[in-house]
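Right, one structure below, let's go through it.
The values are calculated or read from the model by the stated rules, or taken from the named source; none is laboratory data. All of these numbers come straight from a predicted model, not from anything done at the bench. Note: ideal-geometry Cβ built from the backbone for every residue, glycine included; neighbour counts use all protein chains shown. The area values use the complete protein model at the heavy-atom level, side chains included, leaving out ligands, DNA and RNA. Shrake-Rupley method; radii C 1.70, N 1.55, O 1.52, S 1.80 Å.
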Amino acid sequence: MGTPSDKKLINENGVRLDGRGDEEIRPIRITTNVLERADGSAFMEWGGNKIMVAVYGPREAYPKHTQDIEKSVIKARYNMAAFSVDERKRPGPDRRSTEISKVISEALSAAVLVEQFPRTQIDVFIEVIQADAGTRIASLTAASVALASAGIPMRDMVVGCSAGKVEDRIVLDLSKDEDNFGQADLPMAVLSKSKKVVLVQMDGDLSKEEFGKATGMVLQATDRIAEIQRKALSEKYNIENLSESNTGGE
Amino acid sequence: MDSKETKHVIPGDVLAYAEEYLPGKNTIEEDSRIISLCSGEVVKNDKELTANVDSKIKVIIPRNGDIVYGNIVKNDSRQTTIQIAGIEREGQLVYFQAEGYIRSVHDYKKDERNPQTVRIGDIIRGKVIRVGQNLELTLSGSNLGVLKSRCSRCREILVIKNGTLFCENCNRSELRKAAPDYGEPEIEKR
C-alpha cells in the first residue's frame, strides 16, 4: 500500500477509475508456445501487465547440492525488466523478486507431480515486461499455462486473482492506482478444480468479514480465469492438430 | 481398441471414474476419479479399460547407440565432460540437452607429447554407450570425433591440411580425433 492520496478511486456511482465494477477483472489474453527453444512458454496480458514465461525441464539439477533424491525442484525466477515500471527499476534480483520467486515456486510445486522426477529441476523463468499491479498472480497463472504447454504432469492448474479494499469497498483485481492508494491488497492463488489455496498474501488490513468476502470474490474470479487458461491451451492444441493433418494430406 | 474422443482436456480435468476405467498414460487416480495430468486429447481403451491423454508432446529418451552432438566443457586425464545439444533421430538433428562424459580419453592417444585428442570448446559427434544419470559417450568409430575445433594458442578455427588439423595463423598442427567430415559436418537439421 502506498501513501494516502486525495485521488478518488471509486466515483459516486460505484465505478472504479478504469470504468470497472467491483467484481470485474481486467481483460486477460494468454498465448502459449511463443518461444521456440523453451520446452513450454506463455505470454500473458492482464490489463496493463505483460508477462513472458519460459519453462525448461525437468533436467538434472545443478548445482548438485540442490538435488532432491525424492522429487524435482521447481526453480522459479521472477524478474522485472528495468523498463517495466514508470521509474526505471535497478536491474537484477532484489528482496521483492526473491520473495515472489519463492512463493511462486512453492505454489507451483503443489500442482506439479514433482515426485515423478527425482534429482531434477524444472526452471520457470518469468520476465515482467510491463507491470500494472498484480504481477505475482499474473506470473503464477501464466507459469501454470507454460508448464502445461511443456507437458509437465500436473494435478491441477494454478490460477489466481487479487482482491483488495479501496475506499472501504472490497473490489476484485486491483489496478495500479488502487494498489498504490487503496487500503488493502490480497493476492490469492488456488488449484483450479480442488480450490486448494496455494498462495495467499496480504498487505494492509481487512476485517474477518471483509477477508471472507474478498476470498469469495477471488474464488469466483478464478473460475473465469481458468476458462481463459483452458482456451489458450486448447487453441494451441487445435492449431497444432490442424497443421499436422495438413502435412499428413500432402 | 482405442476410442479417441475429440474432447480436449487440461491438467485436473476428470476423464472418468475409477469404477469405469483404470488410469493410463498421463492420468492418475485421485478420490476414485481419473484425472488428466497434461493438456491433450482423451483416448479411452475399451479393451484394457484405461483412460489416457494423448499430449502429442514427443519426449526424447536417449538409447545406446544414439549419435549425439555437443561441445567439450571440461577435460582432464580421467574424464571429459560434454554438454550435449543435439541428438540424431531418423537422420535428422533434434534439439536435446543433456550432459555426457567420455571416460577413457587416453584410448585415443597417439602422441605421448600431446596426449589430449579433444580439448575444451571442441564440437564433437559421439555415440551413446551407456544411459544412466549422465550419458556415457565414445568417440571410437569411423564417423565419430571432433567436428570443429579452435587452435589452443590463438583460438583460430583449425582446418584440415594433409590429414591433420592445422592452424593457419600459428602455422602449427594439433592432434585431435577428427571426424571424416570435419569442418563441414553432414547434418540435417529438424
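Applying the set (1) of a type outside the set (A, V, I, L, M); (2) within 13 Å of another protein chain (Cβ to nearest Cβ); (3) in a loop (DSSP other than H, G, I, E, B) to B:Glu48 leaves exactly one unmet item: (2). Listed conditions (1) within 13 Å of another protein chain (Cβ to nearest Cβ); (2) under 22 Å from A:Arg59 (Cβ atoms); (3) not small (Gly, Ala, Ser) are all met by B:Asp66, apart from (1). For the condition open to solvent by 70 Å² or more (accessible area, probe 1.4 Å) and either closer than 16 Å to B:Ala85 by Cα or hydrophobic (A, V, I, L, M, F, W, C) (or both), B:Ile160 qualifies.
Out of all the residues in the range A:186-205, is one or more among the acidic types (Asp, Glu) and surrounded by fewer than 18 Cβ atoms within 10 Å (Cβ to Cβ)?
Our first condition is that a residue be among the acidic types (Asp, Glu); within the range A:186-205, this holds for A:203, A:205.
Okay, now just the ones that are also surrounded by fewer than 18 Cβ atoms within 10 Å (Cβ to Cβ), so A:203, A:205.
Yes, the range A:186-205 contains at least one residue that is among the acidic types (Asp, Glu) and surrounded by fewer than 18 Cβ atoms within 10 Å (Cβ to Cβ).
Residues that are crowded, with 20+ Cβ neighbours inside 10 Å and more than 14 Å from chain B (Cβ to nearest Cβ) were ranked within the range A:206-231; the one that is farthest from the chain's Cα centre (by Cα) is A:Leu206. With respect to the conditions (1) modelled with pLDDT of 95 or more; (2) open to solvent by less than 90 Å² (accessible area, probe 1.4 Å), A:Lys236 falls short on a single one, namely (1). Taking the condition of being more than 9 Å from chain A (Cβ to nearest Cβ) and in a loop (DSSP other than H, G, I, E, B), how many residues in the range B:32-43 meet it? Summing the residues that are more than 9 Å from chain A (Cβ to nearest Cβ) and in a loop (DSSP other than H, G, I, E, B) in the range B:32-43 gives 1.
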